[in-house]
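For reference, the structure discussed in these notes is given below.
Nothing in this text is a laboratory measurement; each read-out follows from the coordinates by a stated rule. Just so it is clear, the model here is predicted, and its values are computed rather than measured. Don't worry about glycine lacking a Cβ; one is built from the backbone with ideal geometry, like all the others, and counts go over all protein chains shown.
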């Protein structure tokens with residue numbers, strides 16, 4: 001196991017989002033977190049990735065209690081060990097594709113030339129090398145998302161957190177993004193936590209955890225307790 | 001599915017004997033209901049009888065002599081007619097999933113319906129994962145991909161129907177208690 005959330009509780013004001021979720025992910029595993037909108041799946045991803053702290057419970061990443069780290073400690077972990085991929089809006093619009101992909105390396109202290117070489121190599125692996133000098137606004141949504149995948153993987157993270165990474169794309173563009181993401185993750189033995197409401201996207205995962213009303217639903221059905229009785 | 005028309009379509013790409021036709025069917029429709037050799041030969045006989053195909057010689061390359069068939073002009077017209085024909089959407093829902101859920105609700109056994117649906121959902125998602133892996137396999141060809149796409153879309157539709165039905169059942173339970 002590489003990362004685990006134990007009895008995670010998190011609320012937004014009076015609204016509970018997670019009500020005691022425990023989930024463990026094995027190294028190299030691709031885990032889909034599914035469930036209807038509002039079930040808490042994005043909150044779970046944010047807690048596991050150290051983007052937010054749970055109100056109660058703990059997140060353990062390879063013997064490190066992520067939930068106990070300071071903001072700067074969690075930020076360092078996200079820069080060095082984790083990659084994060086969202087539905088959209090993560091690329092810097094003023095930078096070219098190559099500059100966007102190089103950015104995490106530059107922030108981690110890699111030299112400019114080396115960072116650009118690595119960025120071009122990752123753009124090549126995602127099949128968008130020819131867009132290296134284009135800005136996000138000049139390419140399609142699917143191409144933008146492939147650049148975003150390259151940026152999320154360029155630091156060779158141990159765990160990639162992806163929140164509805166193809167939610168804004170049509171079926172074929174989404175499939176290309178997922179195909180690349182899953183193939184590269186398996187090559188690198190990168191663990192992936194993939195949040196999605198779409199069964200077809202979850203089909204790319206090795207295993208699925210279904211949430212319902214902030215709790216793990218063991219049946220995967222989302223059936224209310226009353227109706228199941 | 002109309003097997004005679006599918007075989008006519010495969011013959012339209014060039015003359016073939018029965019064995020080649022069966023192989024071509026398996027290659028192009030890998031996820032369709034399999035067709036037996038006997039069915040291929042029976043169908044070829046009917047196509048010849050109806051004037052849609054004709055015997056075009058014999059082939060004995062390294063094995064027993066085989067009759068080669070080719071499509072006729074009449075067969076091409078029949079094939080074109082079939083391809084242009086709009087299929088009416090299915091008038092009846094023929095699904096064991098729907099039948100079992102409906103009957104389970106009728107006999108007022110929600111626990112049984114729940115257990116069935118949980119197991120069925122697992123089976124659906126497992127199959128969906130297998131098909132996703134198959135179509136992303138480096139060796140998958142175009143027929144594999146579109147065949148898997150079709151199956152995945154139907155499994156996905158079942159899963160979405162299942163989720164909606166459970167919501168409806170939950171609402172029904174909430175309003176009646």
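Going from the residue with the fewest nearby Cβ atoms within 10 Å to the one with the most, A:22, B:13 rank B:13, A:22. Highest-first packing order for the peptide set B:51-62, B:143-154 is B:143-154, B:51-62, based on the mean count of other beta carbon atoms within 10 Å. The Rg/Rh ratio of chain A, with Rg taken over Cα atoms and Rh as the Kirkwood radius over Cα pairs, comes to 0.98.
Taking every alpha-carbon pair under 8 Å whose residues sit at least 6 apart, chain B reaches a relative contact order of 20 percent. Sequence-distant contacts, meaning Cα pairs under 8 Å at least 6 residues apart, place the relative contact order of chain A at 29 percent.
The angle between the Cα long axis of helix A:171-188 and the longest principal axis of the Cα atoms of chain A comes to about 90 degrees, rounded to the nearest 10.
Shape class of the protein assembly as shown from the alpha-carbon gyration tensor: oblate, with a/c at 1.5 or above and b/c at least as large as a/b. Translational diffusion coefficient, Stokes-Einstein: compute it for region A:21-115 using the Kirkwood radius over C-alpha pairs as Rh, at 37 °C and 0.692 mPa s, and state it as an integer in µm² s⁻¹. Translational D for this selection: 213 µm²/s.
Averaged over every viewing direction, what's the projected area of the C-alpha convex hull for region B:96-173? Give it in nm², one decimal, please. Walk me through the intermediate numbers first.
On the way: hull surface 21.1 nm².
Projected area, direction-averaged: 5.3 nm².
The smallest convex shape that holds all Cα atoms of region B:3-84, its convex hull, gives 91 Å³ per residue. Relative to the dominant Cα principal axis of chain A, helix A:141-153 is inclined by about 80°. Whole-percent P(r), chain B, all Cα pairs, 10 Å bins from 0: 8, 25, 24, 20, 14, 7, 2, 0. Each helix, a run of at least 4 DSSP H residues, gives -39500 (n - 2.57); summed and divided by the residues of chain B, these come to -22000 deg cm²/dmol at 222 nm.
By the Cα gyration tensor, region A:48-103 has an equivalent ellipsoid whose semi-axes, rounded to whole angstrom, run 27, 12, 9 from largest to smallest. For region A:116-229, the calculated P(r) over all alpha carbon pairs, in 10 Å bins from 0 to the bin holding the longest distance, is 12, 40, 28, 12, 6, 1 percent. Highest mean packing comes first when the peptides A:32-42, A:159-169 are listed by Cβ atoms within 10 Å, giving A:159-169, A:32-42. Counting only DSSP beta bridges with both residues in chain A, the antiparallel share comes to about 50 percent.
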